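The values are calculated or read from the model by the stated rules, or taken from the named source; none is laboratory data. Not measured: the values here are computed from a predicted model. Don't worry about glycine lacking a Cβ; one is built from the backbone with ideal geometry, like all the others, and counts go over all protein chains shown. Side chains included, ligands, DNA and RNA excluded: accessible areas come from the protein's heavy atoms. Shrake-Rupley method; radii C 1.70, N 1.55, O 1.52, S 1.80 Å.
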Amino acid sequence: MTNTSSLTRRRLLTGVLSAPFLTSAAHASSQELNVLMWSDYLPESFSARFTFKTGIKINHTPIGSNEEILEVMQSTGGTGFDLVSPTNQRALQWAPLDLLQPFDLTRVNVDGVNPAMVKIGTDTWNFNDAGTHWLPHIWGTEGIAYRTDRWAPDGPAPSYGDVWSDAFKGQTMGRAQSMLVGAGLFMETTGEMEPGSVWSAYSDADTMRAVWTQITDWAIARKSSLGLLWNDAQTQRDALLGDQVSLGQTWDGPALALKSRGAPVHYQAPVEGAMAWVDGLAMPNAAVNIDAVYAFIEFAYDPENAGLATQSHGYNSPVLGADRFAGESYARNFAEAYPGDSLSRLNPWPSEAPWYAALRAEFVATFKDA
């Protein structure tokens, strides 16, 4: 990848942070690491390389949503896992649970990571001023993926509204909770909602009820356009390779991984702006294999290891210099997914209070049951 592309991604989130640096390259005392993590974040090649370098075996329990992480952690009291992978905007839901412990940043090379993404942890995941309880691991976006042999947008970029169009009735897909947000952003562009309505819904429950009632009613009236609701990466990949789905609102990684392998699939930030997120690493209070945790972080924050993982799963790394090891296909896909000013128009997911998540679940259920 060119230096220009690298700088563009680094400027996606900018900030200034200084932190102590100390590398600990030793074999961890324990030979196992129990990880509760998104299903496609640990490619076999990455895990095998980690085990070869450190002697530590990764026991990976895959999940497909933040709700699954919270459910498992609350039901077990956090026992059984050394690392979990919550998304950046979920801090307000984790803070009152007292399930996580802070990281010792003297054991983490935070200087080798995008500083603004590190700052998410030191700012919003610093529970009770005890230190950061979250470190950035993988970032990506949600936008529009489509089969290039079946569809092309009318203009230079697709729209969230395309997923709800009659043009491919029954041949589109998305994740219910974020499709409703996408529908709202589309409604703002058409004048059916006031600009800023979608993001104002995060401010208080009454505002959310008013905004989401309007969005949900709109979406229910067009629900027949949808052919599939997904909740994990594998479902997205299978659908894009099958006959049922022509386009959908998806994560970037699954679609771009297929594109890299030669499938007739394209992913692009829509005109309304892609939704950006950063998935992180968090350590439960009940973690047993502490040295293995820091060995994993050290390994994951190595640019070569991060780049090779990126090349496999298709998402993006916060590790500075990882793009140099991600391959030509990754560089090309990134440029085509975020052309023009797409990066400057990203929509970072706002922090979600517990009341927001609970109300959203009600509206999602109403939409699904309609």
> Are there any pairs, at least 6 apart or on different chains, whose C-beta atoms fall under 7 Å, with the first in the range 106-121 and closer than 15 Å to D302 by Cα and the second assigned to a helix (DSSP H, G or I) and of a type in the set (D, E, K, R), and if so, which?
Replying inline: N109/E298; N114/R10
> So which pairs qualify, if the first residue must be in the range 250-262 and within 24 Å of G161 (Cβ to Cβ), the second must be acidic (D, E), the Cβ gap must be under 8 Å, and the two must be at least 6 apart or on different chains?
Replying inline: T250/E142; W251/E142; D252/E142; G253/D40; P254/D40
> Which residues, taken from the range 53-107, are outside any helix (DSSP H, G or I), among the small types (G, A, S), modelled with pLDDT of 95 or more and surrounded by 19 or more Cβ atoms within 10 Å (Cβ to Cβ)?
Replying inline: S85
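The rows are residues; the columns are (1) modelled with pLDDT of 95 or more; (2) open to solvent by less than 10 Å² (accessible area, probe 1.4 Å); (3) over 17 Å from A269 (Cα atoms).
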site	(1), (2), (3)
Y160	yes, yes, no
G174	yes, yes, no
S178	yes, yes, no
G184	yes, yes, no
S197	yes, no, yes
A201	yes, yes, yes
T207	yes, no, yes
A210	yes, no, yes
Q214	yes, no, yes
>> For the range 308-322, check the following and say yes or no: at least one residue is modelled with pLDDT of 95 or more, closer than 27 Å to G182 by Cβ, open to solvent by less than 30 Å² (accessible area, probe 1.4 Å) and aliphatic (A, V, I, L, M).
In response: no
> Which residue, of N231, N285, is polar (S, T, N, Q), under 25 Å from P354 (Cα atoms), open to solvent by 20 Å² or more (accessible area, probe 1.4 Å) and modelled with pLDDT of 95 or more?
Replying inline: N285
> If M117 satisfies every condition in (1) within 22 Å of the chain's Cα centre (by Cα); (2) open to solvent by 20 Å² or more (accessible area, probe 1.4 Å) but one, which is the exception?
Replying inline: (2)
> Which one of these does G273 not meet: (1) outside any loop (DSSP other than H, G, I, E, B); (2) open to solvent by less than 10 Å² (accessible area, probe 1.4 Å); (3) not aromatic (F, W, Y)?
Replying inline: (1)
> In the range 288-300, how many are part of a helix (DSSP H, G or I) and either open to solvent by 10 Å² or more (accessible area, probe 1.4 Å) or not β-branched (V, I, T) (or both)?
Replying inline: 9
